[in-house]
Number of protein chains: 2
Amino acid sequence: MARDPDPSLELLWRHVAAPAETPTRRGPRQRLSVDAVVDAGIDLADRDGLAALSMRVLAKELGLGVMSLYTYVPSRGDLIVLMVDQVLARRTLPELPEDLADRLEMVARVQYDDCLAHPWILDVVGLRAWLGPASAERYEWQLGAVEGIGLDDIEMDQTIALLTGFAGNAAGSAHRARLAEREMGMSELEWWEANSGELGRVMAGRDYPIAGRVGQAAGEAYQAASDPARELEFGLARIIDGVLVHLGRQPRRPRA
Amino acid sequence: MARDPDPSLELLWRHVAAPAETPTRRGPRQRLSVDAVVDAGIDLADRDGLAALSMRVLAKELGLGVMSLYTYVPSRGDLIVLMVDQVLARRTLPELPEDLADRLEMVARVQYDDCLAHPWILDVVGLRAWLGPASAERYEWQLGAVEGIGLDDIEMDQTIALLTGFAGNAAGSAHRARLAEREMGMSELEWWEANSGELGRVMAGRDYPIAGRVGQAAGEAYQAASDPARELEFGLARIIDGVLVHLGRQPRRPRA
DNA sequence: TAGCGACGTCGTACGGCGTACGGAATAAAT
DNA sequence: ATTTATTCCGTACGCCGTACGACGTCGCTA
């Protein structure tokens, strides 16, 4: 019975249940802290993405031997879980507005901002990261935005999932657009130059009337680099209206 | 000027522009076909996930030497791109219904089904996979569902992105629930047994009133294993209503 | 105060990955 | 019959996460 508990649980909650722990430890003091390791991991992932976060480069970044990392963190996977909770913990959650639609909008915008600031979070969703203190607190905060408006418990959960899922998608889309723009100077443009002819040749005979027109419009709009943000506005407005209608309330309709 | 064209483009469109190619090739005939390799990759990824799709095991699966794979496919990344387009190509797209809401629903359900049948697709979105023939055809089909209803080009694109993005999220959620249930017999249940005490101890002092209640309700509902599907119904209804409202039409409201 | 034992540090090593390279076999073109 | 393009594939390189064990450093107990 009762096997060893998951070590990452204790690590996740290390800040809230810290006191009354074993007050003295024998060997040499740790040169760094778990937080320092996790923060360095976050910096690295922010800069170069999750794939570039290897134990070796992280150790070098910290001036540590590779295996020393494992005295702070049981594995790379656990480190990433800690990183997610740490990122969520950094944001002090704003107070929820009075108006319901404004509350829904705020939930989505907070999620969007966090996902855009740390796009690697999107590679990791659904990793039972909700067991950390910051995840729990945020989930509670999100549910507070839809509490007492006439939804049952399951609908509350699904509404939050709908909002945050959409915000994450929009952030991912914006992030990819940002990446593409950054590389546009060199490789992306060259790629088109080298392949547009081939693409036209290969698509000969086939035509995509609507996709061609829409793709061109979207391409022009996105090249202005300001429009992935409009994806957030558009989808968010539709979702909010849909929820309002579901509650029998008046949709927001006119915008600015 | 004009560097070598991307080889994966020719591979993606290999079926439509096949004739008039070099009619004879010198060396020994290939024992397999690109399609056989791609299909085997799809099977493998369906069974064990993208992470388990390594060139070595794929080669073993096909009775080939590892490096022989590279005569069919330039790299693992290109293989995955081909796999995505192949998966999309397998579905014959149904005819779109008359009613607008039904059309939107169908777009979402098709996306949901494909993503649930091949969950690894979700790890790959936004990989400029849309340059393949099946992706192009599907995009055209999706846009056809929102053509002529009063949206401008960019709104059309964003509506499709909203629908398919949500459907993908819902499919990922359902897939994770399915996985959890599959492992519930052994590891998941043991994990809770080993950690529930630790979790309670560590969360002492903190309480999450709404999250606790909702989490319990969701847990009970999801344990019935039939409810991740309701996430699709709920969010889809909200989005469709939101789009209808945006167009000045009457929302669907009552549902069966 | 001596020394035991726990703990932090880290070098080495193992099995896995994607794939660059080059050689042998094969079949069409000359 | 020779050349040439192509397939097949063994070997090898540089990555990856991490198991293991040696070694030094400290706190505790005797």
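The values are calculated or read from the model by the stated rules, or taken from the named source; none is laboratory data. Remember, it's a predicted structure, so these values are computed and weren't measured experimentally. Ideal geometry is used to build each Cβ from the backbone, glycine not excepted, and the neighbour counts take in all protein chains shown. For the accessible areas, the whole protein counts, side chains as well, though only heavy atoms, and no ligand, DNA or RNA atoms are used. Shrake-Rupley method; radii C 1.70, N 1.55, O 1.52, S 1.80 Å.
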The range A:7-88, dipole about Cα centre (Lys/Arg Cβ +1, Asp/Glu Cβ -1), debye to the nearest 20: 440
FRET efficiency, B:Glu220 to B:Leu122 (Cβ-Cβ, R0 41 Å, nearest 0.05): 0.95
Computed magnitude of the charge dipole of the range A:38-190 (debye, nearest 20; Cβ of K, R +1, Cβ of D, E -1): 780
Acute angle (nearest 10 degrees) that the helix A:209-223 long axis makes with the longest principal axis of chain A, alpha-carbon atoms: 60
Candidates B:Val146, B:Val107, B:Val57: whichever shows maximal mean-square fluctuation once chain B is modelled as a Gaussian network with Cα springs under 10 Å: B:Val57
For B:Ala217, label point 7 Å along C-beta direction: distances to other copies, nm: 4.0
Inter-copy separations for B:Leu122, label at 7 Å along Cα-Cβ, nm, ascending: 1.5
Computed log₁₀ I(q)/I(0) - Debye formula, equal Cα scatterers, no solvent, the range A:7-88, q 0.14, 0.15, 0.27 Å⁻¹: -0.47, -0.54, -1.49
Percent accessible area from carbon and sulfur atoms, the range A:91-246, protein chains only, probe 1.4 Å: 54
Per the axis that maps chain B onto chain A, nearest residue of B (Cβ criterion) and its distance in Å: B:Gly242, 2
Nearest-ten-degree value, helix A:100-117 long axis tilted from longest Cα axis of chain A: 70
Shielding score for A:146-158, defined as the mean number of other chain Cβ atoms within 10 Å: 5
Shielding score for B:207-213, defined as the mean number of other chain Cβ atoms within 10 Å: 6
Highest-fluctuation residue, B:Met156, B:Met67, B:Met106 considered, GNM on chain B with Cα pairs under 10 Å: B:Met67
Extension gain, A:Arg182 back to A:Arg90 (0.36 nm per residue minus Cα-Cα distance, nm): 30.4 nm
Rounded to the nearest 10 Å², the accessible area of B:Thr71 at probe 1.4 Å: 100
Shielding of A:159-172 by partner chains, average beta-carbon count, 10 Å: 4
Tensor-based shape of the protein assembly as shown (alpha-carbon gyration tensor, a/c under 1.5 rounded, otherwise prolate or oblate): oblate
Whole-Å distance, taken between Cα centres, linking the range B:10-89 and the range A:97-128: 38
Per residue value of the accessible surface for chain A (all protein chains in place, 1.4 Å probe), Å²: 51
Efficiency of FRET from Cβ geometry, A:Gln250 and B:Trp130, R₀ 51 Å, rounded to 0.05: 0.85
Value in Å of the Kirkwood radius, where the range B:91-246 supplies the Cα pairs that are averaged: 18.1
For the protein assembly as shown, with +1 on Lys and Arg beta carbons and -1 on Asp and Glu, the positive-most of A:Val34, B:Leu143, A:Val146 along the dipole: A:Val34
Among A:Ser68, A:Ser173, A:Ile240 the positive-end extreme of the charge dipole of chain A (Cβ point charges): A:Ser68
Most mobile listed residue (A:Arg76, A:Arg176, A:Arg29) in chain A, GNM with C-alpha springs under 10 Å: A:Arg29
Charge dipole magnitude, Cβ of K and R +1, D and E -1 - chain B, Cα centre, debye nearest 20: 540
Nm distances between copies for B:Glu181, ranked from closest, using label points 7 Å along Cα→Cβ: 4.3
Degrees between helix A:228-246 axis and first principal axis of chain A (Cα, 0 to 90, nearest 10): 90
